[in-house]
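The structure appears right after this line, and notes come after that.
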Amino acid sequence: MEWTAETWEFVGRYLGAGFALGMGGIGAAVGMGMAAGKANEAMMRQPQQQSVVLRTMLIGQAVGGSPSIFALVIGLLILFKSSSASLAGPEFAAAVIAAGLSIGLGCFGSGLGCGWPGGSGCEGVARNPRRATSVSSSMIIGQAVAQSPSIFATVVALILLFVPVSATGYAAFGICLGAGVAMGAGALGPGIGSGTTAGGAVHGSSRWPRSQAATLRTMLIAQAVSQTPAIFGMLVAFIMLFAMRDLEGDIIGFAKTFGAGVAVGFGGVGPGIGSGTAGEFACRVTAARPRTDALILRTMLIGQAVSQSTAIYSLIIALVLLYVV
Amino acid sequence: MEGIGERLIWHYVPGMDAAIPMGGLNVLTVLNTLVVMAVLFSLAYLAVRKFAMVPGRAQYVVEMYVGAFDGLVTSSLELESRQQNRRFFALIGALFMFLVLSNLMGFFPTHYFEEPTADINCTLGLGTMGMIIATFCALRVKGLGGYLEELAGPMWSQEGATGGALIAGKLSAVFFFPLNVVGELAKIVSISFRLFGNIIGGGIIIVVVSHLVYNFSWLAVGLDVFFIFFVGTVQAFVFTMLTLTYIAVAIK
């Protein structure tokens, strides 16, 4: 059977939509389930607060489930967006599959991560019903910031869908798939890590509500640092999409770019999760002892910097692959 | 829609057909930065015009802002004199105000009002400035030798170590030193690209969503408000706090 441009288009669309929704829905579903489970436990402890807990659970699930909505939107775009003349055939298939990979992997992390603050929010609201608004507002802030990696992944997916790639042949495959994996896997770890940090911060601000300002500050900084691998993934994706010149058009070009994408993408999973764990404990301790928050912040940042070193190695290898060899 | 890719790399000069090459100047970004500076200067002038012992509403807001940031800087840096804390407070307070107003400039839907922070040159410049300040403070406090010793890793300086352990400690610097140097450069990349990515990402998402759901324009407006106000403020705060923390880590 001969592969015409139409065949490539169908292959690309169907595979891309499959990746987008298949992987993108996992994280949000698990996260929303975590929130529901914790809400039930909270209702068991405080049956009179059930309406407040239910409301907080629904809000937490709605905000935490938005990465799967991003995945749905990108999946629908992949299926129904008309292919323009400048992007057709194999390059279209590569770009569309890469968009699906980017959004699928990227929304997995953020969706899963947003389950922790959702659960801690329900717990905290039951434990401290007088501070319900401040606890749920810190939950929403934590979840919103934890979704930044999935927003980056959405941006890269949209760029892959709408901007034609300036290379041909195998190199185009490599650029698109490499950018998709770089952003998608690079957003996986940080999504989970930012979520665990937010969970710890919401727990802390419900148990020690007077130090909420210091807790939120530590949470924002910890989330920002643990999202560094997602930034590196986005950087490499942008470099591959916009700043690659004189790339060999054959299988070597594909190997270089796809290898760089896999390096920076999967190299960011570990640091994201690890830095998030550091941030979770830092937030809890800052809430308990807000006067030592400068010392805690410094220790946390130094620890997170060391844990990010593998992400830096991956970035170095990716840049060496793209520019040196 | 197809212009999304071009916007990321360079801006077009309004009214001209040519694109500004890499070595040139992004005129639109510079103009928007000047607008932000004009707004900040006029706010500053209006704020200090009338000082009363019992503050009115505007003076109260200004004092609240100054007090909050002064407390933040003092608790982070813990320097000896109030004078030294004031110097860093000026930098941090101005940085936060500049970033918040820059990010909020995207609120105006006209064609030429864009956030200057949506240009990677602006954010890279601010990030480099922050790290240069932090490095310079570290050099001043610890001296060149002390700074390099700190970069050489935790096992470099050992008191009372014998032959084997001492040599192993010194040799570990071969491993740690390049790692730490790259880590310092990576800090610049990470804070700049985080701000750039969030702001430009919001813009791209709003363009695409408006293109898709032009019947439900309230959706695009709601997303717009979320991205510009919430994400803009949070990312400005995160950038400022990270710069402050890098300076604090450099000084201690």
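Quick notes
- Those residues of segment B:217-239 which are β-branched (V, I, T) and either within 15 Å of B:L104 (Cβ to Cβ) or not in a helix (DSSP H, G or I) (or both), in sequence order: B:V225, B:I228, B:V231, B:T233, B:V234
- Subset of segment B:153-169 [buried (at least 16 other Cβ atoms within 10 Å of the Cβ) and over 13 Å from A:A305 (Cβ atoms)]: B:M155, B:W156, B:G169
- Only one of the listed residues (A:G184, A:G191) is under 15 Å from A:G276 (Cβ atoms) and among the small types (G, A, S). That residue is A:G191.
- Number of residues in segment A:215-228 that are touching a Pro at 6+ places or on another chain (Cβ under 8 Å) and either at the interface with chain B (Cβ under 9 Å from one of its Cβ atoms) or surrounded by fewer than 21 Cβ atoms within 10 Å (Cβ to Cβ) (or both): the value is 2.
- Residue within segment B:198-216 that is polar (S, T, N, Q), within 9 Å of another protein chain (Cβ to nearest Cβ) and either part of a helix (DSSP H, G or I) or touching an Asp or Glu at 6+ places or on another chain (Cβ under 9 Å) (or both) present: yes
- Filtered residue count, segment A:1-48, keeping only those that are of a type in the set (A, V, I, L, M) and not in a helix (DSSP H, G or I): 1
- Residues in segment A:279-296 that are within 14 Å of another protein chain (Cβ to nearest Cβ), surrounded by fewer than 24 Cβ atoms within 10 Å (Cβ to Cβ) and in contact with a helix residue (DSSP H, G or I) (Cβ under 6 Å, 6 or more places away or on another chain): A:P290, A:D293, A:A294, A:I296.
- Any hit, segment A:243-259, residues being at negative phi and within 10 Å of chain B (Cβ to nearest Cβ): yes
- Matching entry among B:Y214, B:Y246 (being more than 20 Å from A:G233 (Cα to Cα), of a type outside the set (G, A, S) and surrounded by fewer than 17 Cβ atoms within 10 Å (Cβ to Cβ)): B:Y214
- Looking across segment A:137-166, the residues that are among the small types (G, A, S) and surrounded by 24 or more Cβ atoms within 10 Å (Cβ to Cβ) come down to A:S138, A:G142, A:A146, A:S148, A:S150, A:A153, A:A157.
Residue-by-condition table, conditions (1) farther than 30 Å from B:I205 by Cα; (2) away from every other protein chain (no Cβ under 14 Å); (3) at pLDDT 95 or above:
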{"position": "A:M34", "(1), (2), (3)": "no, yes, no"}
{"position": "A:A42", "(1), (2), (3)": "yes, yes, no"}
{"position": "A:Q50", "(1), (2), (3)": "yes, yes, no"}
{"position": "A:L58", "(1), (2), (3)": "no, yes, no"}
{"position": "A:I74", "(1), (2), (3)": "no, no, no"}
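- From B:V225, B:V234, residue being hydrophobic (A, V, I, L, M, F, W, C) and surrounded by fewer than 17 Cβ atoms within 10 Å (Cβ to Cβ): B:V225
- The residues of segment A:297-325 that are under 21 Å from the mean Cα position of the chain (by Cα) and either more than 10 Å from every other protein chain (Cβ to nearest Cβ) or not in a helix (DSSP H, G or I) (or both), listed by number, are A:Q304, A:S307, A:Q308, A:T310, A:S314, A:A318.
- Residues (among the small types (G, A, S), touching a residue at least 12 places away in the same chain (Cβ under 8 Å) and under 21 Å from A:Q147 (Cβ atoms)) located in segment A:117-137: A:G118, A:G119, A:S120, A:G121, A:G124, A:S134, A:S136
- Among helices (runs of 4 or more DSSP H) entirely within segment A:142-247, having at least 1 residues that are in contact with a Cys (Cβ under 7 Å, 6 or more places away or on another chain), closer than 13 Å to A:L101 by Cα and at pLDDT 90 or above singles out A:148-162.
- Every test in (1) within 30 Å of B:A220 (Cβ to Cβ); (2) free of Cβ contacts under 8 Å to residues at least 12 places away in the same chain; (3) not hydroxyl-bearing (S, T, Y) is passed by B:E115 save one, and that test is (2).
- Look at segment B:226-244: where a residue is modelled with pLDDT of 85 or more and a partner is outside any helix (DSSP H, G or I) and buried (at least 24 other Cβ atoms within 10 Å of the Cβ), sitting 6+ places away or on another chain with Cβ atoms under 8 Å, you get B:G232/B:E115.
The values are calculated or read from the model by the stated rules, or taken from the named source; none is laboratory data. In this text, all values refer to a predicted model and were calculated from it rather than measured experimentally. Methodologically, a virtual Cβ is constructed for each residue, glycine included, from the backbone with ideal geometry; neighbour enumeration extends over all protein chains shown.
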